[in-house]
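Asker: Mind having a look at this structure? Questions to follow.
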Amino acid sequence: MSRADYSPTERRRIDAAREELAERFPAEAALISQAVELAARHHAGQRRKSGEPFVFHPLEVARILARDGLGHETVIAALCHDLIEDTDCTRAELERNFGAAVAAIVEGVTKVSRSAAKLSPSERKAGTYQKLILAAASDARVLPVKLADRLHNLRTIAALRRDRQQAIARETLLIYAPLAHRLGMSRIRTELEDRSLAITDPAAYAEASAIQAEHRSRAERELGALRGELEKALEEAGLSAEISARVKSRYSIAEKLKRAEPDELADVLGLRVIVETTEQCYLALGAIHALWPPKPGTFDDYIATPRANLYQSLHTTVIAHGATVEVQIRTREMDEIAEYGIAAHWRYKETLRGGGPRTTRRFLELAAEGQRPSGEGEQAVAAAYEALRRELFAEDLVCFTPRGDVKLLPEGACAIDFAYAIHSELGDRITGARVDGRLYPITKALPQGAVVEIVASDDGEPSVDWLEAVKTNRARSRIRAHHQADLEREQAEAGRELLVRELRRAGLAPMARPEILEEALAGLGHREPEEVMRAVAADHSQLRYVVRRLIREVAPRSQAPGSVPETGLPRPRAREGAVLVEGQQGIPTRLAGCCHPEPGDEITGFVSMGRGVSVHRSDCPNITGLRGERRERLIGVQWAGEDRTFQVALDLAYLNRPGLLHRIAEAVYGAGAELVALELRERSGGIVAGRCQLRVAGSQQSDRARGRLAGIDGAMRVARAASGS
Ligand code: MN
């Protein structure tokens, strides 16, 4: 370029801005410089209304965004944001120099301004918001660039005619300030509002300015009186905090004046306390509440539950020496998000690259929340989207109602999803759809930017087949709800199969029989058997829980800590000398409670500290699972002789049949064993369960007794006593 295009003074200002930006992005300094020079070259000769070189505008927009913490791609896009619209620079040139992301942002910004220019004023009002969102679907960073663009235009608005100023200020208050609010970019929002107010209502602006100045000096005075006390309390809690007074913006003061709520804003001192960590926020809250009594019902925890625009803070109102003080407590990061919104969020999360589909979606959702249906110029606005939509590329589908309302849907969503997104009732009753005025299959994926009109009928009813077409959870769950009965039956059957399989695996095949299973499930008490089966099918993690409950139902009641044991039965103990340790008699041993070894079992000893040798079955997981040093404490043990008798505890469960007790006794004695104790209790579902204690001579006799007990009609469970019960 020819350096003569700019005066030496102008050139110095360009260089200063370039250096400032390059300093912020040292790694991308070369790209930034290139963008500054590209803008300076293409805008050379163009002047703004003020007479300044046009390039000062993109330079300032870039500085605003750099200040707000946006990344280098957004800043480069800001430097180039008017190039496609106002110069012969092309998208291809931008993409070649700075990559596809920068080119996409600039193109998005261009689309918003260009198409707005083609619309009549009322259509523009109705459509700008939707167009912003649509343009942002390709890259969400279009929105901050557009906001900063508008902010700089307001800063330099004095050069424009009065009526242009009015129009720009009104549009700013209508569209851009609410958008900045949705995105949590409150620094930009406040400046947009205050500057617009100065144009739309200079008198209100002057009044609000005077009140604000008065508030500020009083707030500083009052804070001065409280600061020492507050700092001391925080210090005692081990906190160093930054404390400042908050003053309302001129625009919000003017709004309150308009609604005649002057005392509300006069009486309250607003304080902000900034600490380092989230934990410190709560500590500071505690310290403040200990210092000054909180006003009941005023505490809000936006840390645990952030606002939609990601705002986080603790809010509380306290009474300090008779004065009402509103306190906001937050970390530095939360404070930056409060000021710069999603831009600061990006900075912290470092997901700036391409915006990231999730961030983009979040951005769009935030922006879409602010949009309100407008009755004006609908068809024309819809036609404008039509022109834009084919150029758009996005992960998310942006569709419109005939009135121009935006609906964001996942890629591949169909008219059914769209109908449910508008209203559940509408989804239930959909019978057809028109896309861009033409009939369109309701199960077919919608095209990007489609204007969708839903045809509904009072006797329409959701079809199960839709489940294969829909992409949104909302549609899926509503359709399911409609076909609950069918689905419930299927699901219960699936749950039953899972339960039967798991019960068989747990050795409880008798309980898996349909009538017994239903009785047993009913016996669990709080839910219908079918409901339990459905729950199991829907959530497999419930399977183990239910089976465990069923097993517990047929097993002896476990003793809650501190409860009175139900049975007086002692744990089986090896008698003195029953087990030889490495061939030696007289070493204290005890039979392990986890695996209940019986004579004849393969056993292994474990030297437990100060408690002799504990004797486990060799296949006990507590033995086979030992590692490292603890393995060295294993010791060889053997049964002293098979002729000794031992007590064996068995868990029993039977369907209650007449003469059951008699048959149990018969089985035990028939095996040659001795019944020491028997404790059975009636359970739900006609089950009796409990524990019996046998004296047996050796494992063969024990096995025989178990076999006979299991042979009794109605047996559900005969097993060695489980550990811990
Ligand atoms: Mn611009």
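Asker: I'd like the full set of residues that are among the hydroxyl-bearing types (Ser, Thr, Tyr) and more than 41 Å from the chain's Cα centre (by Cα), limited to region 136-177.
Answerer: Selection gives Thr156 alone.
Asker: Which residue out of Leu192, Leu183, Leu230, Leu174 is touching a Phe, Trp or Tyr at 6+ places or on another chain (Cβ under 9 Å) and open to solvent by 60 Å² or more (accessible area, probe 1.4 Å)?
Answerer: Unique residue meeting the criteria: Leu174.
Asker: Can you tell me how many residues in region 429-452 are buried (at least 18 other Cβ atoms within 10 Å of the Cβ) and not small (Gly, Ala, Ser)?
Answerer: 9
Asker: Give the residues of region 61-72 that are surrounded by fewer than 21 Cβ atoms within 10 Å (Cβ to Cβ) and in contact with a Ser or Thr (Cβ under 8 Å, 6 or more places away or on another chain), sorted by residue number.
Answerer: Passing the criteria: none in range.
Asker: Filter region 690-705 down to the residues that are crowded, with 22+ Cβ neighbours inside 10 Å and without any contact (Cβ under 8 Å) to a residue 60 or more places away in the chain, then identify the one that is farthest from Tyr669 (Cα to Cα).
Answerer: Cys692
Asker: For Ala649, indicate whether it is part of a strand (DSSP E or B), at pLDDT 80 or above and closer than 16 Å to Pro597 by Cβ.
Answerer: Yes; evaluated as a whole, the condition is true for this residue.
Asker: Is region 151-165 home to any residue that is hydroxyl-bearing (Ser, Thr, Tyr), at pLDDT 90 or above and farther than 27 Å from Ala103 by Cα?
Answerer: no
Asker: Answer yes if at least one residue in region 475-492 is surrounded by 16 or more Cβ atoms within 10 Å (Cβ to Cβ) and either at positive phi or in contact with a strand residue (DSSP E or B) (Cβ under 8 Å, 6 or more places away or on another chain) (or both), and no otherwise.
Answerer: So far as region 475-492 goes, no, none of its residues is surrounded by 16 or more Cβ atoms within 10 Å (Cβ to Cβ) and either at positive phi or in contact with a strand residue (DSSP E or B) (Cβ under 8 Å, 6 or more places away or on another chain) (or both).
Asker: Starting from region 205-219, take each residue that is part of a helix (DSSP H, G or I) and list its partners that are open to solvent by 60 Å² or more (accessible area, probe 1.4 Å) and among the charged types (D, E, K, R), counting only C-beta distances under 6 angstrom and pairs at least six apart or across chains.
Answerer: These pairs meet every condition: Ala208/Arg250; Ser209/Arg250; Gln212/Arg250.
Asker: Is it the case, given these coordinates, that Val532 is open to solvent by less than 20 Å² (accessible area, probe 1.4 Å) and either of a type in the set (Ser, Thr, Tyr) or assigned to a helix (DSSP H, G or I) (or both)?
Answerer: yes
Asker: Shifting gears a bit: If I ask for residues that are away from the ligand (no atom under 16 Å from the Cβ) and of a type in the set (Asp, Glu), which ones from region 18-53 would you list?
Answerer: Glu19, Glu20, Glu23, Glu28, Glu37
Asker: Still on this structure, I have one more. Could you figure out which of (1) open to solvent by less than 10 Å² (accessible area, probe 1.4 Å); (2) away from the ligand (no atom under 15 Å from the Cβ) isn't true of Cys80?
Answerer: Here Cys80 clears every test but (2).
Asker: Now for a different question. If you go through region 176-183 one residue at a time, do you hit one that is of a type in the set (Phe, Trp, Tyr), within 16 Å of the ligand (Cβ to nearest atom) and on the phi < 0 side of the Ramachandran plot?
Answerer: Residues of region 176-183 that are of a type in the set (Phe, Trp, Tyr), as a first pass: 176.
Retained after the next criterion (residues that are within 16 Å of the ligand (Cβ to nearest atom)): 176.
Those left that are additionally on the phi < 0 side of the Ramachandran plot: 176.
Yes; the residues of region 176-183 include at least one that is of a type in the set (Phe, Trp, Tyr), within 16 Å of the ligand (Cβ to nearest atom) and on the phi < 0 side of the Ramachandran plot.
Asker: Could you count how many residues in region 149-171 are buried (at least 21 other Cβ atoms within 10 Å of the Cβ) and either more than 16 Å from the ligand (Cβ to nearest atom) or of a type in the set (Asp, Glu) (or both)?
Answerer: Within region 149-171, residues that are buried (at least 21 other Cβ atoms within 10 Å of the Cβ) and either more than 16 Å from the ligand (Cβ to nearest atom) or of a type in the set (Asp, Glu) (or both) number 2.
Asker: Quick one: which helices (runs of 4 or more DSSP H) sit completely within region 137-183 and have at least 2 residues that are closer than 20 Å to Glu73 by Cβ? Talk me through it step by step, then tell me what you get.
Answerer: On the way: elements: 142-155, 162-171, 177-182.
Answer list for region 137-183: 142-155.
Yes/no per residue for (1) modelled with pLDDT of 75 or more; (2) among the aromatic types (Phe, Trp, Tyr); (3) exposed (fewer than 14 other Cβ atoms within 10 Å of the Cβ):
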| site | (1), (2), (3) |
| --- | --- |
| Ala506 | no, no, no |
| Glu515 | no, no, yes |
| Arg548 | yes, no, yes |
| Ala574 | no, no, no |
| Thr589 | yes, no, no |
| Thr604 | yes, no, no |
| Arg617 | yes, no, no |
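Asker: Something else: Please name all residue pairs, on different chains or six or more residues apart, with Cβ atoms under 9 Å, provided the first residue is in region 87-99 and is in the same structural domain as Arg41 (by TED's automatic domain parsing) and farther than 16 Å from Pro58 by Cβ and the second residue is buried (at least 16 other Cβ atoms within 10 Å of the Cβ) and at pLDDT below 90.
Answerer: Arg91/Ala104; Arg91/Glu107; Arg91/Thr110; Glu95/Ala104; Gly99/Glu73
Asker: Does Leu709 satisfy being touching a residue at least 12 places away in the same chain (Cβ under 8 Å), under 24 Å from Leu550 (Cβ atoms), outside the structural domain of Ala522 (by TED's automatic domain parsing) and not β-branched (Val, Ile, Thr)? Let's see the steps before the verdict.
Answerer: On the way: touching a residue at least 12 places away in the same chain (Cβ under 8 Å): yes; under 24 Å from Leu550 (Cβ atoms): yes; outside the structural domain of Ala522 (by TED's automatic domain parsing): yes; not β-branched (Val, Ile, Thr): yes.
Yes, satisfied.
Asker: With (1) away from the ligand (no atom under 15 Å from the Cβ); (2) in contact (Cβ under 8 Å) with a residue 12 or more places away in the chain; (3) closer than 24 Å to Thr190 by Cα as the list, and Arg67 as the residue in question, which single condition is left unmet?
Answerer: With respect to (1) away from the ligand (no atom under 15 Å from the Cβ); (2) in contact (Cβ under 8 Å) with a residue 12 or more places away in the chain; (3) closer than 24 Å to Thr190 by Cα, Arg67 is out only on (2).
Listed here are the residues, each with its yes/no results for (1) away from the ligand (no atom under 12 Å from the Cβ); (2) surrounded by 18 or more Cβ atoms within 10 Å (Cβ to Cβ).
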position: Val55; (1), (2): no, yes
position: Val75; (1), (2): yes, yes
position: Asp88; (1), (2): yes, no
position: Glu93; (1), (2): yes, no
position: Val102; (1), (2): yes, yes
position: Lys111; (1), (2): yes, yes
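The values are calculated or read from the model by the stated rules, or taken from the named source; none is laboratory data. Computed from a prediction, not measured in an experiment: that's the story for all the values here. Backbone-built Cβ (ideal geometry, glycine too); neighbour counts: all protein chains shown. With ligands, DNA and RNA removed, areas are computed over all heavy atoms of the protein, side chains included. Shrake-Rupley method; radii C 1.70, N 1.55, O 1.52, S 1.80 Å.
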